[in-house]
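Computed from the coordinates by the stated procedures, all read-outs in this text should not be read as laboratory data. Nothing here was measured: the structure is a model prediction, and the numbers come from that model. Please note: Cβ atoms are built from the backbone with ideal geometry, for glycine as well, and neighbour counts cover all protein chains shown.
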Amino acid sequence: MQPFLLRWIVTTLAVVVVSWIFPNLISVHGAGALLGGSLLLGIINALVRPVLLLLSLPFIIATMGLFIFVVNALLLLLVSSMVPQFHVDGFWDAFFASILISLVSWPLSSFFRTSDGHMRPITHHEKVKRANARVIK
């Protein structure tokens with residue numbers, strides 16, 4: 001449950017930053033719409049996005065991964081149609097907003113993702129453990 005909450009916080013912060021810097025791409029009216037829209041975006045990204053990526057795999061391969069941006073834009077448009085005060089004007093606004101949300105959430109999520117892929121706050125260790133390993137010369 002904690003990884004999902006951290007991901008929700010990161011997505012919410014990313015949507016806040018993008019809607020604040022580029023208010024013509026995403027307009028969010030109220031904290032409820034922000035929290036609901038980012039929660040729905042997180043749920044849809046967790047449940048629907050993997051299926052869509054699998055179904056669109058030939059297009060993703062043919063476009064060398066660029067079709068993933070189209071999938072992200074369509075999911076953002078879906079959230080916009082489901083949450084009344086979370087508004088994205090059209091496909092191209094959703095396309096660029098989804099790219100910007102990805103760019104903002106990427107460094108934010110790196111603060112919580114460790115090298116083994118689990119989501120947890122990264123802490124600073126005073127002393128580094130020495131590895132018991134052989135040195136090949």
Here the gain from full extension of Ile44 to Phe22, 0.36 nm per residue of separation minus their alpha-carbon distance, amounts to 5.6 nm
Among [x] 179; [y] 106; [z] 214, the value of volume of the Cα convex hull per residue in Å³ computed for this structure carries the label [x]
Row for region 53-109, column shape: gyration tensor on C-alpha, a ≥ b ≥ c, rounded if a/c < 1.5 i.e. under 1.5, prolate if a/b over b/c, else oblate; value oblate
So, relative contact order of the chain in percent, Cα under 8 Å, 6 or more apart, is 30 percent
Least to most buried among Val83, Val135, by other C-beta atoms within 10 Å and fewest first, runs Val135, Val83
In debye to the nearest 20, the charge dipole size for the chain, taken about the Cα centre with +1 at each Lys and Arg Cβ and -1 at each Asp and Glu Cβ, equals 960 debye
Rounded to 0.05, the calculated FRET efficiency for the beta carbons of Met82 and Ala62 at R₀ = 41 Å is 0.85
Expressed in nanometres to one decimal, the distance between label points 7 Å along Cα→Cβ at Trp106 and Lys137 is 4.3 nm
Checked against the positive end of the charge dipole of the chain (+1 on Cβ of Lys and Arg, -1 on Cβ of Asp and Glu, about the Cα centre), the farthest of Pro50, Leu75, Ala133 is Ala133
Of the residues Pro3, Met64, Phe91, the Cα lying farthest along the dipole of the chain towards its positive end, which is defined by charges on the beta carbon of Lys, Arg, Asp and Glu, belongs to Pro3
Least to most buried among Arg130, Arg7, by other C-beta atoms within 10 Å and fewest first, runs Arg130, Arg7
